[in-house]
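The values are calculated or read from the model by the stated rules, or taken from the named source; none is laboratory data. Just so you know, these numbers come straight off a predicted model, no measurement behind them. Cβ atoms come from the backbone with ideal geometry, glycine included; neighbour counts cover every protein chain shown.
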Amino acid sequence: MWMLFIGDLRRRWVEYAFGALAVALVVSALVTQRAVSASAEESVHDLAHRLGRNMLVVPAATDLAAFYDQRYGPEALPDTLPGIIRSSHVAQHVRSIEARLYGNVRAGSEDGGVVIVGQDLAWPALGDVTPAVLGTQAARALGVGPGGTFRLAGEAVSVLQVAEAPPDGLDTAVFMPLSAAQRVLRRPGELSVLRLGGCWCRIDVATLAGEVEKLVPGARAVTVAGMLKAQKGSVETMQRYSGILQLTGGVVIALVIGALAASQARRRMRELGLLVAVGARPGALAALFTAQAAAWGAIGGAAGWLAAMPLTKHLAASLLGAPLAPSPGLLVPAVGLAALVSAVAAFIPAARATALDPTVVLRES
Amino acid sequence: MIRVENLTKTFAAPGGGEVQALAGITLRIDRGEFVAVVGPSGSGKSTLLFAMGGLATPTSGQVFLGETRVYDLEREARAALRRTEVGFVFQTFNLVPYLTCLENVALPPLLAGRARADAMAAAEAVLERLGMTARRHHRPAQLSVGERQRVGIGRALVNAPRVLLADEPTGNLDPATADQVLDVLRDLNRGGQTIVMVTHDLRLAEQAGRIVRLRSGALDLAVPSRVTA
C-alpha cells in the first residue's frame, strides 16, 4: 500500500504541496494568534504579581499603557496629597502611602536614558550630596558603581547601592529622595503617583477608590483588582474569538483537504476499482486515502508552526513591543490537530470512493 | 471448478424500471478449460464474468468456486478470494500509471500480505515467463499496448489463481498483437490454467476450448457450444 502512497505522492507532488501549503497558512495564523494571546494572558499575571494589592492614584490624564512602558508624561498631582489623605476619613483603611515622581532623562550612554524615581522614604542624609540606588542598567549607562558619584542636572549624586533586583523591576531607574527628584526633573511640588497599601478585606476596593477620587479632584484611583478585571476581560474576549478563529481554521483545513481528497478520489476511480478487483480491501483503501490526507495535514501543520515563528516575532514586535516566539509545546498540537482534521475531512470522500461498484468503474474506463 | 446456478442480475435503469443483465444462467466450467463467452453488446458477457469473479453480487442464484459459495462470503472474505483464487484481465489493461511493470505485477501479492521481496520475486518470475523481463522497470506509458496487456496478464497470474477471467483482453489490440496475446493465453491453458475469456471476436473465440453464447442475458443454446481447440 505504501508503494501506491509514495508513487502517487511523487506523481502529484504539486497537489500535495498545495494542500500542505493551505494547511500551513491556516496553522501559522492559529499558532501566532495563540502565542500572542498566551503572551497577553501572561503579561496580566505578571502585572498582577508586580503590583500586588496596592492602589495606584494617578493624574486622570495619565496614559497607563505608556506609564507601564516607562514613558512618563508631564501630568502631575500636588505633593500635598499624602497629607490630605492621611487627614481624611479614608485613612482608617490605608496602611501606607508612598508618593513617587517619575521622569525620563537622557543621561549617560544608554539610548533611552534613565528613569528618575523620586520616593518619599527615609533616605540617609549625605549633606549636599543626594543618595541614590541604581538599577544595573542605569549604573552601566552612567558608568558608576556602588560608592561612586556622578552629577545629574547639576545635582551631585552618590550611589549607595546598585540593585540587582530593583523595586518594580525598574532596571534603568535612579531611585532618589522625592525632593531631589523634583529638583532634577524641575517639577517642584509635583507627584506622578501615590501608592496606597492596606488591608481592604472589610471594604469594597472599588468603593474606596471612588472615595479617594472624590477626595482628590483630577486624580484617578486605579486598583489592581479593577485592572485585572478589565485585562482579564480583554484576554477572555480574545480567547473567545480565538475559539471561533480556531474553529474557522479547522473548517478551512477540512474544506481544502476534503475538496482535494474528493477530487483525487474522482480522478483515481479507475485505479480504486482495479485495486478492489484484484483484492484490495475497501477499508484498507479508505485508510490509505485517509492516511495520505493526514500526512498532508501533518506536514502542513509542521510547516505552519515553523512559519509562525517569524510571523509571531514580527507581530509581537509591532503590537506588544516585546520579543515573542510560539511555544515549542504548540508543535505537537498543531501537527496532531491538522493531521486529525485532514484525516476526518478525507474520510468521507475516501469511504464513498471505495464503496463504488468496481464493475461500473472498470466498465466506464 | 466454477459452477453458476440459475444466476440473475438486475440493474436499475437510469430512466426508471429495471434492466435484466443475466436471466437465470446455469453453467459449469471444469478445471483446465479455456472457455470463450461470446455474444452481442449488452448480452451480459462482462456481467457474467464479474459475477464469476466475485465482483458483481447477483440478484439471485449462486456462484461456486470449487466448493465455496462465493456470495455467501462476507465482503472482506470475497476480497481475499479475489486476491488468491481469481485473476482478472481487462480490455483497457487498468495498470496503475505511476508504478513500474514490476510493481504493477507485484500488487496482488503485496495486497495478499506477502513480504515485498517475496512479492517482487514472484512478479519477476511471471514477467520472465511472459517475456517482459527487459521491460520490468518501465512504466505503462512507455510500453506498447500488447506489452501492457502482457503486464495485465502477469498481474492476473502472479498469485497463481485457480481461474483467469479475461474481459475482452484483445479488444484494444490490432489483429497481430491480439493473436500474440491469445497465444499467451493458450500457452497458459496448455499449462493447466483455467481461463474464461469474454470476447466479441468469433475468430479468437474459436481458438478457445469451448464457446458459450449469450443473448439477452441468457445462454443461447441454438448453436453448438463446443468447438475443437
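A few remarks follow.
- Residue within the stretch A:271-280 that is assigned to a helix (DSSP H, G or I) and surrounded by fewer than 17 Cβ atoms within 10 Å (Cβ to Cβ) present: no
- Once the stretch A:57-95 is narrowed to residues that are under 18 Å from A:ARG186 (Cβ atoms) and in contact with a strand residue (DSSP E or B) (Cβ under 6 Å, 6 or more places away or on another chain), the residue that is surrounded by the most Cβ atoms within 10 Å (Cβ to Cβ) is A:LEU77.
- Selection of the stretch A:66-118 for residues being more than 22 Å from A:GLY218 (Cβ to Cβ) and either over 28 Å from the mean Cα position of the chain (by Cα) or in a helix (DSSP H, G or I) (or both) yields A:GLN92, A:ARG95, A:SER96, A:VAL105, A:ARG106, A:ALA107, A:GLY108, A:SER109.
- Filter pass, A:LEU30 being away from chain B (no Cβ under 14 Å), modelled with pLDDT under 80 and under 23 Å from the mean Cα position of the chain (by Cα): no
- Considering the stretch A:274-305, and only residues there that are away from every other protein chain (no Cβ under 14 Å) and over 33 Å from the mean Cα position of the chain (by Cα), the residue that is modelled with the lowest pLDDT turns out to be A:PHE289.
- When the residues of the stretch B:22-50 are filtered to those that are of a type in the set (Lys, Arg) and away from chain A (no Cβ under 14 Å), the one that is nearest to B:PHE11 (Cα to Cα) is B:ARG28.
- A single entry from A:ALA308, A:ALA351 fulfils the requirement of being more than 20 Å from B:TYR98 (Cβ to Cβ), away from chain B (no Cβ under 14 Å) and among the aliphatic types (A, V, I, L, M): A:ALA308.
- Subset of the stretch B:1-27 (residues that are outside any strand (DSSP E or B) and over 25 Å from B:VAL163 (Cα atoms)): B:ALA13, B:PRO14, B:GLY15, B:GLY16, B:GLY17
- Subset of the stretch B:108-122 (residues that are more than 13 Å from chain A (Cβ to nearest Cβ) and among the charged types (D, E, K, R)): B:ASP118
- Taking residues in the stretch B:90-102 that are more than 8 Å from every other protein chain (Cβ to nearest Cβ), and partners anywhere that are of a type in the set (Asp, Glu) and part of a loop (DSSP other than H, G, I, E, B), the pairs with Cβ atoms closer than 9 Å and at least 6 places apart or on different chains are B:GLN91/B:GLU168.
- Residues that are more than 14 Å from chain A (Cβ to nearest Cβ), touching a residue at least 12 places away in the same chain (Cβ under 8 Å) and hydrophobic (A, V, I, L, M, F, W, C), drawn from the stretch B:123-148: B:LEU127, B:LEU130, B:MET132, B:LEU143, B:VAL145
- For the stretch A:112-158, a residue qualifies if it is modelled with pLDDT under 90 and at positive phi, and the qualifying residues are A:GLY113, A:GLY127, A:GLY143, A:ALA153, A:GLY154.
- Scope the stretch A:150-182; condition assigned to a loop (DSSP other than H, G, I, E, B) and either surrounded by 18 or more Cβ atoms within 10 Å (Cβ to Cβ) or among the acidic types (Asp, Glu) (or both); matching residues: A:GLU164, A:PRO166, A:LEU170, A:ASP171, A:THR172
- The residues in the stretch A:279-335 that are within 30 Å of B:ARG155 (Cβ to Cβ) and among the polar types (S, T, N, Q) can be counted, and the count is 2.
- The stretch B:51-88, residues that are out of contact with any strand residue (DSSP E or B) (no Cβ under 9 Å at 6 or more places or on another chain), within 23 Å of B:THR10 (Cα to Cα) and either at the interface with chain A (Cβ under 8 Å from one of its Cβ atoms) or crowded, with 19+ Cβ neighbours inside 10 Å (or both): B:ARG75, B:ARG78, B:ALA79
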